[in-house]
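Working notes, beginning with the structure itself.
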Amino acid sequence: MSGVSRLRAVVKGVGSALPKRCVTNKELESTVDTSDEWIVQRTGIRQRYIAGDDETTSTLGIAAARVALDRAGLTPDDIDLVVCATSTPDYTFPSTATMIQAGLGITKGVAFDLQAVCAGFVFAVTTAEKFLASGSHKRALVIGAETFSRILDWEDRTTCVLFGDGAGAIVLEAQDQSELAQPEQGQGDNLPRGLLASCLRSDGKHRAKLFVDGGPSTTKTVGFLRMEGKEVFKFAVGQVTDVMAETFAACGITAKDLDWFVPHQANRRIIDASAQKFGIPPEKVVTTVQDHGNTSAASIPLALAVACEDGRIKPGDLVMIEAIGGGFTWGAAILRW
Ligand code: UT7
């Protein structure tokens, strides 16, 4: 749990990038034993983007980062921390973060990957905040970038229709917000800007429910994603809301104070059930799963970018992000935009 601090990680800009090729459910019907009706009914997904040979996790990450920097009115030179959340790196090493760093021409500071599967972006934002709040770094580029299409078994209809590729990025800046009320003292409008609280959890005993069946140290292959969908679903709607409750408590607010709920975009039914548990009305929930499919660590920053671009998320808004991923790993965070 992150607590009170003078320096806060304040959002300066958000950006996203998608592969050129959009694949609709209808198009999938020609290669996979599935139907548009089944996919929409069970997941809400209508289309996803699939990376071509010339598109990788790092190229998508670089493109998203450029947009975020532009929107922040900053240049790569202003960045001294790059954290990339991904489970589909370009290479086993070097990290995708260092490839993004080099692609942007950043030569100072530090860049590293963080792996918490679909919860990766929440983990990465929380990690970057620790650097910024400590005063050790000034501006962070936090990226969620994935090419899950590369680890899908296209013969397995229970998984291959669910995922897509893409990247989202956010620029965070360390700002002194100490003159404002701290989370414990204020409600809603009185809260300072920046990341106010977060709660991360993991429990490795659930490994077999969602994993990739390959890796350098075991099979020496990349492997394919395997998932017991029903089990993941049950856990996602049944238990992960614990981190939401803890994060609300740490901020001293309730779900009523939220302006926007931006959860991981895996399944429309999971999103709706999580929101309903806290009485968050549908009009405050940002949902992009219909357009992107499940893009793992990229899903939240992609959704944030959409909601910033269309004018829904505005400076001063209280935004909760929340996700669950393989491991299991799960987490939530509240930011005042
Ligand atoms: O990012 C974090 C991790 N991922 C998730 O959060 C995903 C969590 N799980 C889910 O979203 C859902 O469990 C799924 C969407 C994966 C599946 O939905 P479900 O309602 O749990 O369906 P099911 O697995 O119980 O399958 C129902 C039926 C089965 O047929 P029978 O056995 O009832 O005859 C499947 O064979 O649907 C069949 N089916 C399909 N049919 C058409 C499974 N996949 C497909 C498909 N097209 N693609």
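The values are calculated or read from the model by the stated rules, or taken from the named source; none is laboratory data. These numbers come from a predicted model, not from an experiment. Neighbour counts run over all protein chains shown; Cβ positions are idealised from the backbone, glycine included. Accessible surface areas use protein heavy atoms only, side chains included; no ligands, DNA or RNA. Shrake-Rupley method; radii C 1.70, N 1.55, O 1.52, S 1.80 Å.
Brief remarks follow.
- Protein heavy-atom accessible surface, 1.4 Å probe, per residue over the stretch 43-173: 35 Å².
- Karplus (6.51, -1.76, 1.60) ³J(HN,Hα), θ = phi - 60°, over the stretch 280-296, in Hz, Gly and Pro reported as x: 7, x, x, 6, 9, 9, 8, 10, 10, 4, 4, 9, 10, x, 8, 9, 6
- Length gained when the stretch residue 276-residue 22 is fully extended (0.36 nm per residue, less Cα-Cα span): 88.4 nm
- Net charge, residue 20 excluded, C-beta distance under 12 Å - Lys, Arg +1, Asp, Glu -1: -3
- Student exercise, the stretch 1-58 dipole from Lys, Arg, Asp, Glu Cβ charges, in Debye to nearest 20: 660 debye
- Under 5 Å from the amide H of residue 153 lie the amide H atoms of 225, each residue being 5 or more positions distant or on a separate chain, with H modelled from the backbone and absent for Pro and chain starts.
- In the complete set of protein chains, residue-level accessible area for residue 312 is approximately 70 Å², probe 1.4 angstrom.
- In the complete set of protein chains, residue-level accessible area for residue 50 is approximately 20 Å², probe 1.4 angstrom.
- Zone of residue 190's modelled label, taken as backbone nitrogen in the stretch 231-274 under 19 Å from a point 7 Å along Cα→Cβ: 248-259
- Expressed as a whole percent, the accessible area of the stretch 185-336 that falls on carbon and sulfur atoms is 53 (1.4 Å probe).
- Along principal axes, Cα extents of the chain, largest first, whole Å: 59, 46, 38
- The dipole here belongs to the chain: it is taken about the Cα centre, uses +1 on the Cβ of Lys and Arg and -1 on the Cβ of Asp and Glu, and is about 420 debye.
- Candidate residues 129, 29: accessible-area rank, largest first, probe 1.4 Å: 29, 129
- Built amide H within the under 5 Å cut-off of residue 196, gap 5+: 334, 335, 336
- Each residue, residue 202 and residue 29, gets one label point 7 Å from its Cα in the Cβ direction; the gap between the two is 4.2 nm.
- The stretch 7-176 - percent of accessible surface contributed by carbon and sulfur, probe 1.4 Å: 51 percent
- Length gained when the stretch residue 239-residue 221 is fully extended (0.36 nm per residue, less Cα-Cα span): 3.2 nm
- Karplus-based coupling profile of the stretch 264-275, in residue order and whole Hz: 4, 9, 9, 7, 4, 5, 5, 4, 4, 5, 5, 5, with θ = phi - 60° in 6.51 cos²θ - 1.76 cosθ + 1.60 and x standing for Gly or Pro.
- Label point distance in nm, residue 112-residue 46, each placed 7 Å from Cα along Cα→Cβ: 4.2 nm
- Mean shadow area of the stretch 7-176 over all directions, Cα convex hull, nm²: 10.1 nm²
- Only beta bridges with both residues in the stretch 7-176 are counted; by DSSP, about 70 percent of them are antiparallel.
- Eligible lysines near residue 130 by straight Cα distance, threshold 21 Å, same-chain separation 8 or greater: 12, 108, 138
- Residues in the stretch 9-16 carry Karplus couplings, in order, of 8, 9, 6, 10, x, 10, x, 8 Hz; the curve used is 6.51 cos²θ - 1.76 cosθ + 1.60 with θ = phi - 60°, and Gly or Pro positions show x.
- Among beta bridges from DSSP that stay inside the chain, the antiparallel ones total about 70%.
- Helix-only [θ]222 nm of the chain, DSSP H runs n ≥ 4, -39500 (n - 2.57) each, per residue, nearest 500: -9000 deg cm²/dmol
- Comparing 276, 96, 68 along the charge dipole axis of the chain, the residue lying farthest to the positive side is 276, per the Cβ-charge model.
- Surface calculation, 1.4 Å probe, protein heavy atoms: residue 20 sits at approximately 150 Å² accessible.
- Ranking 91, 49 by solvent-accessible area of protein heavy atoms (1.4 Å probe, all protein chains present), from largest to smallest, gives 91, 49.
- Cross-link partners of residue 284 among lysines (Cα-Cα below 19 Å; sequence separation of 8 or more within a chain): 256, 314
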